[in-house]
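Taking it in order: structure first as structure tokens, then the write-up.
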Amino acid sequence: MSKHVPARLVTRRRLLKAAGAGALAAGLPLSQGLLAAESRTDLTIQPASFPVTGPVTRGMVSTSPDAPPPVIRMAQHQAFRSRVNNTLADHTAMHWHGIRVPNAMDGVPYLTQIPIGPGESYDYAFTPQDAGTFWYHPHCMTMDQMALGFTGVLVVEEAEDPGFDTDIALNLRDFRLNGEGQFIDLWTARGAARGGTFGTVMTANWQTAPGYEAPSGGLLRLRLTATDTTRVYQIFVPGAEGQVIALDGHPLETPFAIPQTEEDGVVLSPGQRADLAIRMPASEGQSLTVMTAAPGPARQLATLTATGPDTGRDLRELRPLPPNPVAIPDLANARREEFVFGWSPIGDLPDNGLCGTLGYTFWSINRQAWPGDAVAGTGPLATFRLGESAVLRLRNESPNRHPIHLHGLTFRVIASNQREIRSHWTDTALLLPEESLDIALVMDNPGDWAFHCHIIEHQKTGLAGFIRVLDA
Ligand code: C2O
Ligand code: CU
């Protein structure tokens, strides 16, 4: 393990600025995050600049001119609203990744809404049923806008406070920047046809290896969100005392110890999240480093430093996270469907409307290349009855990994033809090369739900479709 990337300690003030808006910032004591019965966070998607690597990176996309998209906090079972204004020159649409919203709030262009044009706005409203760590990103011009910065963490607070002292969200992603901190090509055809195009700079909350503080001996909830368009993380925290308590927004029935080494790291593919319960070191100034395996030496993502006198907390003082209200599929009577993910003959992508195209097809679902994030003019991959239990076999015919994401519904992986599965509720499952995964779910949310690879270059070059759940 190497420590070659120096960690920078950020002050609370800088942290607040970096996170966008006071009450929405990561790292605030929970007492400051209490919410009224309805919460509202309006967002204006706009051009931005920020010193990602030192020099100011221009041409970014955020919800403020000089800060990353904020951590949006809302409460489980309480109404949330957001007016999303678009001041970019391109169209956009907002998707709330992992949240089981009504179909019209899902932000998928042409499938659930008309894209938001320049100068236009769209009102989103939903009541989150599930507490946990989720995220948000555009679903139109997705490749450009995500690569330029527009990805943010969304936190749904449990109805009952689990008892942490500190809550820090890390938005993990890369940027493709040159030595002067300016964007280079956001993707390459070579990458799109293979594992995706990787960034040149790894960041957490738009900074390289930022530092955060938490009370010595205190209980920290660390929320990790992989919002990169390509990178699969493998997270470990050497010396950390604590457990992984939730994955992909859903509490684990059996939490497990925080991985200490690169080989056992928690795999977080694009779209996935992990919640860690950590007891901070007892003595002031001691620190923990959040690391990821990477090609070559492991890399530092962020540093957590103990501050102040020992608060003497104990992990057993935490209230276990209550399970989210997810319907249990009836496996004996489940309908079985297979989806095959593979290559496609290289061709021209069908017209993708106003949401951008990469200009090629490389990928397919059920041997058909689908048009990007818009799915305009196509039919569903499969149609289900409301309330039907299903087992979907996701079969990867390619030698590449694909994080497969399903909107609007929550599933669990129940079997793999290659490995032991640590099964939990999720919205995104990483399909290994040539792997078949069986996922089980209840089709309990009516609508047309996008179903695609979360390596955005794959999504935009054919690996994207939708399933339909009939209303009643
Ligand atoms: Cu996180 Cu269809 O996306
Ligand atoms: Cu893929």
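The values are calculated or read from the model by the stated rules, or taken from the named source; none is laboratory data. Just so you know, these numbers come straight off a predicted model, no measurement behind them. Here the Cβ is made from the backbone with ideal geometry for all residues, glycine too, and neighbour counts use every protein chain on show. Ligands, DNA and RNA are excluded from the accessible area calculation, which covers all protein heavy atoms including side chains. Shrake-Rupley method; radii C 1.70, N 1.55, O 1.52, S 1.80 Å.
Just one of the listed residues (Phe134, Phe175, Phe183, Phe150) is under 23 Å from Ala294 (Cα atoms), open to solvent by less than 10 Å² (accessible area, probe 1.4 Å) and of a type in the set (A, V, I, L, M, F, W, C), and it is Phe175.
Residues in the range 138-147 that are surrounded by fewer than 24 Cβ atoms within 10 Å (Cβ to Cβ) and within 12 Å of ligand 1 (Cβ to nearest atom): 1 in all. With the requirement that a residue be open to solvent by less than 20 Å² (accessible area, probe 1.4 Å) and of a type in the set (Ser, Thr, Tyr), what does the range 288-341 give you? Of everything in the range 288-341, those that are open to solvent by less than 20 Å² (accessible area, probe 1.4 Å) and of a type in the set (Ser, Thr, Tyr) turn out to be Thr289, Thr292, Thr303.
Of the residues contained in the range 364-372, none is found to be at pLDDT 95 or above and crowded, with 18+ Cβ neighbours inside 10 Å. Among the candidates Arg223, Arg231, Arg316, the residue that is part of a strand (DSSP E or B) and charged (D, E, K, R) is uniquely Arg223. Restricting to the range 101-122, and then to whatever is part of a strand (DSSP E or B) and open to solvent by less than 30 Å² (accessible area, probe 1.4 Å), can you tell me which residue is modelled with the highest pLDDT? The qualifying residue modelled with the highest pLDDT is Ile116. Evaluate the following for Phe164: is it farther than 17 Å from Trp206 by Cβ and surrounded by 20 or more Cβ atoms within 10 Å (Cβ to Cβ)? So Phe164 fits the description; yes. Scanning the range 397-453 for residues that are more than 16 Å from ligand 2 (Cβ to nearest atom), surrounded by fewer than 19 Cβ atoms within 10 Å (Cβ to Cβ) and within 26 Å of Thr378 (Cβ to Cβ) yields a total of 2. For the range 267-287, filtering for residues that are in a strand (DSSP E or B), open to solvent by 10 Å² or more (accessible area, probe 1.4 Å) and out of contact with any Asp or Glu (no Cβ under 6 Å at 6 or more places or on another chain) leaves 2. For the range 193-203, check the following and say yes or no: at least one residue is open to solvent by 10 Å² or more (accessible area, probe 1.4 Å), away from ligand 1 (no atom under 16 Å from the Cβ), in contact (Cβ under 8 Å) with a residue 60 or more places away in the chain and assigned to a helix (DSSP H, G or I). Scanning the range 193-203 turns up no residue that is open to solvent by 10 Å² or more (accessible area, probe 1.4 Å), away from ligand 1 (no atom under 16 Å from the Cβ), in contact (Cβ under 8 Å) with a residue 60 or more places away in the chain and assigned to a helix (DSSP H, G or I).
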